[in-house]
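> Pasting in a structure now, in structure tokens, and then I'll have a few things to ask.
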Amino acid sequence: MASTIIAVDEDNFEAEVVNSALPVLIDFWAPWCAPCRALLPALEALAPMYSDALKIVKIDIDASPALKAKFNVQSIPQLYLASAGAPIARLVSRTRTQLAAELDDILP
Amino acid sequence: MTLQAFNSSQAVKVSMIEPVRKLWLARAVVPDVDLVWNGHGKASSISGLLGRTDDRETFEQRTGIPADLAKLCECLLTMGITKTPASDAAAIAGNEALLAFGTEWLDAIAPGAELGMTVPRFARHCMDLILRPDFPLAVHVSPALVEAAGQIRDLWDRELAGQSVSRGEWRGVQRAAMSAAASDGDAWAYRIASFIEGIAWPIATVSHEFTGLFEPMFFNCLMFEETAFMTDEERSDRAHMLLGWKAMATAPRDEIGLVDPDPLEAHPESARVLSAEYLEQMMGRMAEIRAAAQGRKDTIIRETMDTVLRLIRSA
């Protein structure tokens with residue numbers, strides 16, 4: 001499966017997240033984080049299902065320390081739903097089934 | 001994108017597999033569920049070496065093999081080997097019958113084979129096993145979980161028969177699976193419940209997540225084989241250990257991801273068997289039990305490998 005998750009860093013955060021017409025699900029991760037790698041397939045499976053309602057991006061906290069600080073990320077993986085670049089909800093689910101249920105409750 | 005194994009060429013197959021076989025037989029390759037290639041002093045995985053890459057898409061383009069199938073095969077191997085720390089080379093040990101699978105799965109792939117449904121069909125096989133009355137953990141799986149697993153298998157069978165299944169039907173099954181998993185309190189059922197809940201999706205879409213859900217469940221099933229060699233007290237302690245792991249894994253976390261309060265406070269017996277003192281005290285006994293159960297575990301792993309080989313050959 002080709003990745004449908006957009007990689008975001010401090011250079012394209014404004015364009016991809018702040019200016020997004022859709023709410024953005026941000027996956028804070030790092031390449032060395034095994035639970036983050038385990039979560040990624042669920043997010044990649046969700047992305048096409050919610051392509052009309054949601055954009056999904058991932059932010060490597062090591063490569064983007066300012067974004068890590070902006071969202072006060074102190075452990076990973078960490079999932080935030082953001083609107084206009086600001087967090088509106090934190091998602092705690094870790095399987096596609098639970099995440100879909102959580103998103104269905106949050107999204108209009 | 002439809003993948004065709006080894007670019008439909010026997011010559012390509014041989015040219016890709018033989019370098020892997022040479023290093024695998026020298027035990028200089030270490031199975032890994034992640035593609036590992038030229039990794040900063042870390043030995044390559046079988047698949048990483050085969051595709052000479054650590055990138056999934058590049059691996060699939062070069063080999064014509066779904067990365068998810070490679071991941072499953074590497075996962076089965078990791079269950080049957082011991083990695084030995086070595087300063088200058090990788091070192092692994094294990095039952096030769098299991099180690100043989102390191103290249104058997106590659107040899108089983110026919111040039112031109114389309115293997116995209118191999119992992120989904122293996123998922124279907126796993127669901128069948130869970131639902132069998134002689135499943136070793138059957139007494140630990142609640143009727144609600146059995147019902148949810150049966151519903152998933154029924155929808156998969158309809159899909160495999162070419163029938164359409166609506167999003168609404170899947171939502172109903174997903175809700176049933178989540179409810180059954182959430183209400184289950186059996187120490188041995190947690191990983192099975194997580195598998196059933198996480199895999200409740202159309203069969204054509206489950207490959208990518210499969211091994212991540214299968215690995216802990218399979219490990220759980222192998223660990224259960226050890227209980228045949230335990231005393232009643234040791235079995236009880238193991239159950240408390242599993243409940244402790246579940247409590248820590250599922251404890252609510254605060255905004256910065258920390259668990260508060262300590263989830264084991266409500267599980268004093270779990271706290272006891274997860275304490276460093278207990279683990280140190282039981283280390284020798286647990287090694288004895290693992291050694292006693294190794295033959296049973298190896299048999300299960302080998303049977304599972306044979307199932308994967310059958311599915312690969314029938315693709």
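> For region B:188-228, which residues satisfy the criterion of being of a type in the set (Phe, Trp, Tyr) and touching a helix residue (DSSP H, G or I) at 6+ places or on another chain (Cβ under 6 Å)?
Taking region B:188-228 as the starting set, the residues that turn out to be of a type in the set (Phe, Trp, Tyr) are B:188, B:190, B:195, B:201, B:210, B:214, B:218-219, B:224.
Scanning region B:188-228 gives B:Trp188, B:Tyr190, B:Phe195, B:Phe210.
> Do we have any residue at all in region B:162-182 that's open to solvent by less than 20 Å² (accessible area, probe 1.4 Å), under 22 Å from the mean Cα position of the chain (by Cα) and away from chain A (no Cβ under 14 Å)?
Checking region B:162-182: not a single residue is open to solvent by less than 20 Å² (accessible area, probe 1.4 Å), under 22 Å from the mean Cα position of the chain (by Cα) and away from chain A (no Cβ under 14 Å).
> Given (1) open to solvent by 20 Å² or more (accessible area, probe 1.4 Å); (2) at pLDDT 90 or above; (3) out of contact with any strand residue (DSSP E or B) (no Cβ under 6 Å at 6 or more places or on another chain); (4) within 30 Å of B:Pro202 (Cα to Cα), where does A:Ala100 come up short, assuming only one miss?
For A:Ala100, the exception is condition (1).
> Hey, A:Asp9 hits all of (1) more than 14 Å from chain B (Cβ to nearest Cβ); (2) buried (at least 20 other Cβ atoms within 10 Å of the Cβ) but one; which does it fall short on?
Here A:Asp9 clears every test but (2).
> Still on this structure: Select from region B:21-36 the residues that are farther than 11 Å from B:Asp107 by Cα and outside any loop (DSSP other than H, G, I, E, B) and write down the one among them that is least open to solvent (accessible area, probe 1.4 Å). Walk me through it before giving the result.
Residues of region B:21-36 farther than 11 Å from B:Asp107 by Cα: B:22-36.
Next, only the ones that are outside any loop (DSSP other than H, G, I, E, B) stay: B:22-25.
On the way: B:Lys22: 155, B:Leu23: 72, B:Trp24: 4, B:Leu25: 116 Å².
Ranking the qualifying residues of region B:21-36, first place goes to B:Trp24.
> Sort through B:Met283, B:Met230 and tell me the only one that's more than 22 Å from B:Ile196 (Cβ to Cβ), loosely packed, with under 12 Cβ neighbours inside 10 Å, free of Cβ contacts under 8 Å to residues at least 60 places away in the same chain and not aromatic (Phe, Trp, Tyr). Explain how you work it out, then say what you get.
Details: B:Met230 fails: loosely packed, with under 12 Cβ neighbours inside 10 Å.
One residue alone meets the criteria, B:Met283.
> For A:Phe28, state whether it is touching a strand residue (DSSP E or B) at 6+ places or on another chain (Cβ under 7 Å), open to solvent by less than 30 Å² (accessible area, probe 1.4 Å) and closer than 26 Å to B:Phe195 by Cα.
Working: touching a strand residue (DSSP E or B) at 6+ places or on another chain (Cβ under 7 Å): yes; open to solvent by less than 30 Å² (accessible area, probe 1.4 Å): yes; closer than 26 Å to B:Phe195 by Cα: yes.
Here the answer is yes, as A:Phe28 does meet what is asked.
> Working only within region A:31-55, note down all residues that are crowded, with 20+ Cβ neighbours inside 10 Å and away from chain B (no Cβ under 14 Å).
A:Lys55
> In region B:191-223, which residues are more than 8 Å from chain A (Cβ to nearest Cβ), open to solvent by 20 Å² or more (accessible area, probe 1.4 Å) and under 15 Å from the mean Cα position of the chain (by Cα)?
Matches in region B:191-223: B:Arg191, B:Glu215, B:Pro216, B:Phe219, B:Cys221.
> For region B:151-161, which residues satisfy the criterion of being within 23 Å of the chain's Cα centre (by Cα) and surrounded by 15 or more Cβ atoms within 10 Å (Cβ to Cβ)?
Kept after step one, since they are within 23 Å of the chain's Cα centre (by Cα), are these residues of region B:151-161: B:151-157, B:160.
Of everything in region B:151-161, those that are within 23 Å of the chain's Cα centre (by Cα) and surrounded by 15 or more Cβ atoms within 10 Å (Cβ to Cβ) turn out to be B:Gln151, B:Ile152, B:Arg153, B:Leu155, B:Trp156.
> Kindly indicate whether any position in region B:251-265 is touching a residue at least 24 places away in the same chain (Cβ under 8 Å) and more than 10 Å from chain A (Cβ to nearest Cβ).
So the first thing to find is which residues in region B:251-265 are touching a residue at least 24 places away in the same chain (Cβ under 8 Å), and the list is none.
The answer is no; no qualifying residue exists.
> On to the next question. Is it the case, given these coordinates, that B:Asp68 is under 24 Å from B:Thr211 (Cα atoms) and part of a loop (DSSP other than H, G, I, E, B)? Outline the logic, then answer.
On the way: under 24 Å from B:Thr211 (Cα atoms): yes; part of a loop (DSSP other than H, G, I, E, B): no.
The answer is no for B:Asp68.
> Assess whether B:Ile289 counts as being modelled with pLDDT of 95 or more, more than 18 Å from B:Cys126 (Cα to Cα) and open to solvent by less than 50 Å² (accessible area, probe 1.4 Å). Talk me through it step by step, then tell me what you get.
Working: modelled with pLDDT of 95 or more: yes; more than 18 Å from B:Cys126 (Cα to Cα): yes; open to solvent by less than 50 Å² (accessible area, probe 1.4 Å): yes.
Here the answer is yes, as B:Ile289 does meet what is asked.
> A:Leu22 - would you say it is within 19 Å of A:Leu107 (Cβ to Cβ), in contact (Cβ under 8 Å) with a residue 12 or more places away in the chain and in a loop (DSSP other than H, G, I, E, B)? Spell out how you get there, then give the answer.
On the way: within 19 Å of A:Leu107 (Cβ to Cβ): yes; in contact (Cβ under 8 Å) with a residue 12 or more places away in the chain: yes; in a loop (DSSP other than H, G, I, E, B): yes.
Spelling it out, A:Leu22 is indeed within 19 Å of A:Leu107 (Cβ to Cβ), in contact (Cβ under 8 Å) with a residue 12 or more places away in the chain and in a loop (DSSP other than H, G, I, E, B).
The values are calculated or read from the model by the stated rules, or taken from the named source; none is laboratory data. If you're wondering where the values come from, they're calculated on a predicted model, not measured in any experiment. Every residue, glycine among them, receives a Cβ derived from its backbone with ideal geometry; neighbour counts consider all protein chains shown. Note: accessible area is taken over every heavy atom of the protein model, side chains too, but ligands, DNA and RNA are not part of it. Shrake-Rupley method; radii C 1.70, N 1.55, O 1.52, S 1.80 Å.
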